[in-house]
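Laboratory data are not the source of any read-out in this text; all were calculated from the coordinates shown. A quick note: this is a predicted structure, and the numbers were derived from the prediction, not measured. Don't worry about glycine lacking a Cβ; one is built from the backbone with ideal geometry, like all the others, and counts go over all protein chains shown.
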Amino acid sequence: MAKKSKRENVWLECKDCGQRNYRTNISVVDGTPKLELKKYCKFERKHTTHKLKRK
Ligand SMILES: [Zn+2]
């Protein structure tokens, strides 16, 4: 069994206020996926666009 999947812990950062609201992990096979998600920002109390932030 080959251990091929490479996973990395990332943050989901709010594009509006820059707060890192969520932590998740993604598979990084060929570079970072450009992922943007609509998530609830508890600091602004609304849904905003969050983007992946690698460490
Ligand atoms: Zn925010």
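Quick notes
- Per residue, the convex hull spanned by the Cα atoms of the chain amounts to 75 cubic angstrom.
- For residue 24 and residue 47, the difference between the fully extended length at 0.36 nm per residue and the C-alpha to C-alpha distance is 6.5 nm.
- Of 35, 5, 47, farthest towards positive along the dipole that unit charges on Lys, Arg, Asp, Glu beta carbons give the chain: 5
- Contour minus Cα-Cα distance for residue 9 and residue 34 (0.36 nm per residue): 7.5 nm
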